[in-house]
1. How about the range 1-49: which of its residues are among the β-branched types (Val, Ile, Thr) and not in a loop (DSSP other than H, G, I, E, B)?
2. Taking the condition of being more than 15 Å from residue 6 (Cα to Cα) and not hydrophobic (A, V, I, L, M, F, W, C), how many residues in the range 24-59 meet it?
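Read-outs throughout are calculated quantities, based only on the coordinates presented, and are distinct from any laboratory measurement. Just so it is clear, the structure is predicted and the values come from calculations on it, not from any experiment.
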Amino acid sequence: MPVRCPVCNELITGLAVEERVILEAKRIPVIVPARCKNGHSVVLFVDRNFMVRDVEAAGEAIQESESGSAIDKAQKWIDSL
């Protein structure tokens, strides 16, 4: 069932979820991550009847890489104490 991206209103189609993921879920609705054609991350809430009950924009998580040597990292850790 196509759904609309809550960010850009673009149709999201062609989603597939393994049946067992929904049927064996301990909590309903099941959270299913997806992306629209424009690259927006969304979260779909799917019930046991495989119906999408809600769609929300998802937050993006980015891990910052620390530059520097192991000594610099250890010094930062010691300084935090």
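1. 3, 12, 21, 22, 30, 31, 32, 42, 43, 46
2. 7
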